[in-house]
1. Exactly one of these conditions fails for residue 252: (1) under 30 Å from residue 175 (Cα atoms); (2) exposed (fewer than 12 other Cβ atoms within 10 Å of the Cβ). Give me its number.
2. Can you pull out every residue in segment 220-266 that is within 24 Å of residue 194 (Cβ to Cβ) and not in a helix (DSSP H, G or I)?
3. Only one residue in 131, 123 is in the same structural domain as residue 61 (by TED's automatic domain parsing) and either under 28 Å from the mean Cα position of the chain (by Cα) or without any contact (Cβ under 8 Å) to a residue 12 or more places away in the chain (or both). Which one?
4. So, in segment 138-160, how many residues would count as being surrounded by 13 or more Cβ atoms within 10 Å (Cβ to Cβ) and closer than 25 Å to residue 246 by Cα?
5. Could you please let me know if residue 327 is under 14 Å from residue 185 (Cα atoms) and within 14 Å of the ligand (Cβ to nearest atom)?
6. Residue 171: loosely packed, with under 12 Cβ neighbours inside 10 Å, under 21 Å from the mean Cα position of the chain (by Cα) and free of Cβ contacts under 8 Å to residues at least 24 places away in the same chain, yes or no?
Ligand SMILES: [Zn+2]
């Protein structure tokens, strides 16, 4: 699935209609959650049927395209089923009980309710919300794809305007020659990552500067009187700054991940839990965590596209263990060099990256079904944890999977 995004241009009245459509989508989603809360054993189908009931009861709900209403019900169901999943997997801590949404920013249409212009430079929404024709501006070209390949159209509100997203059904499955390289990545606060060959990749500029910029904008808001016009303006500025940083973050993640996956057959990294990471209040670190998380998502994506193995390993003791003899060498956070009795002396992060790589290799070897169902294992390997087995076996399996 590819997602193309265009900025939408139209009149103030049209954007008011977009707001109205988004509010209706939120209403449908929240009503479905309510139905589920009030009635035991409410299933996905019940939510779908409920959409029709809502449309009959509320005029504004019937104005929204019927498939868009269903898409909202699907959103409700996905949050419910995620909650069920978390309960079943017995994830420690909060299970993510479905919440009512207050600040929904998007509405999703499926294959009806919109019409793309012949030149594909504008889109007309044909339901009774009255959005009408919006001009599209962006760098992507929709001409390469059939209209039937467009499975979803989303209207998304951001700090700097409304965007139209097209979800296009294309299977990306490119072939790349195996490189014979494997790599382990250790994330740090100082550097973006250190790999198992001892190379470090510095934090990009926006990460270093972003923190100061956000802090300044945040301060500007707190100086203004609550509820005032100027405070509203300052908030808009902060929103735009956040947007800019998140765009830079994505850009950086995509480029770097593509590069790493292209030049390696197996990529191992720590299985850091996002839940734990988001908790901290240090701004620099939270920006870094978000960047790292996005980088990981793209690593796994490109891993699937190019049939490479991505493994998330248990991060416990990776920085303490000696990568050559396995002995635990105690260190404080400020100890930058790893010095072991066995004579192994190297940078702390490089040592950790080597441990991550060897755990990654042993994990994949442990997956017994790997040879039988390589494509499946490739898809799932990102979530596996460390086991123990032979490195050679793994490497031959990787080569086999490349031929598939
Ligand atoms: Zn050692």
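The values are calculated or read from the model by the stated rules, or taken from the named source; none is laboratory data. Since we're looking at a predicted model, the values are computed, not measured. Don't worry about glycine lacking a Cβ; one is built from the backbone with ideal geometry, like all the others, and counts go over all protein chains shown.
1. All conditions pass for residue 252, except number (2).
2. Step one: list which residues in segment 220-266 are within 24 Å of residue 194 (Cβ to Cβ), which gives 245, 248-266.
Within segment 220-266, 263, 264, 265, 266 qualify.
3. Numbers: 131 fails: either under 28 Å from the mean Cα position of the chain (by Cα) or without any contact (Cβ under 8 Å) to a residue 12 or more places away in the chain (or both).
Going through 131, 123 in turn, the sole match is 123.
4. Initially, segment 138-160 is screened for residues surrounded by 13 or more Cβ atoms within 10 Å (Cβ to Cβ), giving 138, 140, 142, 145, 149-150, 152-159.
After this cut, where a residue has to be closer than 25 Å to residue 246 by Cα as well, the list is 138, 140, 142, 152-159.
Matching residues across segment 138-160 total 11.
5. Details: under 14 Å from residue 185 (Cα atoms): no; within 14 Å of the ligand (Cβ to nearest atom): yes.
Spelling it out, it is not the case that residue 327 is under 14 Å from residue 185 (Cα atoms) and within 14 Å of the ligand (Cβ to nearest atom).
6. Working: loosely packed, with under 12 Cβ neighbours inside 10 Å: yes; under 21 Å from the mean Cα position of the chain (by Cα): yes; free of Cβ contacts under 8 Å to residues at least 24 places away in the same chain: yes.
Yes: the conditions hold for residue 171.
For (1) modelled with pLDDT of 85 or more; (2) assigned to a loop (DSSP other than H, G, I, E, B), each residue gets a yes or a no:
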site: 129; (1), (2): yes, yes
site: 153; (1), (2): yes, no
site: 167; (1), (2): yes, no
site: 171; (1), (2): no, yes
site: 175; (1), (2): no, yes
site: 178; (1), (2): no, yes
site: 189; (1), (2): no, yes
site: 193; (1), (2): yes, no
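Each row is one residue, and each column tells you yes or no for (1) in contact with a strand residue (DSSP E or B) (Cβ under 6 Å, 6 or more places away or on another chain); (2) at pLDDT 90 or above; (3) within 16 Å of the ligand (Cβ to nearest atom).
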residue	(1), (2), (3)
287	no, no, no
290	no, no, no
306	no, no, no
310	yes, yes, no
316	no, no, no
322	no, yes, yes
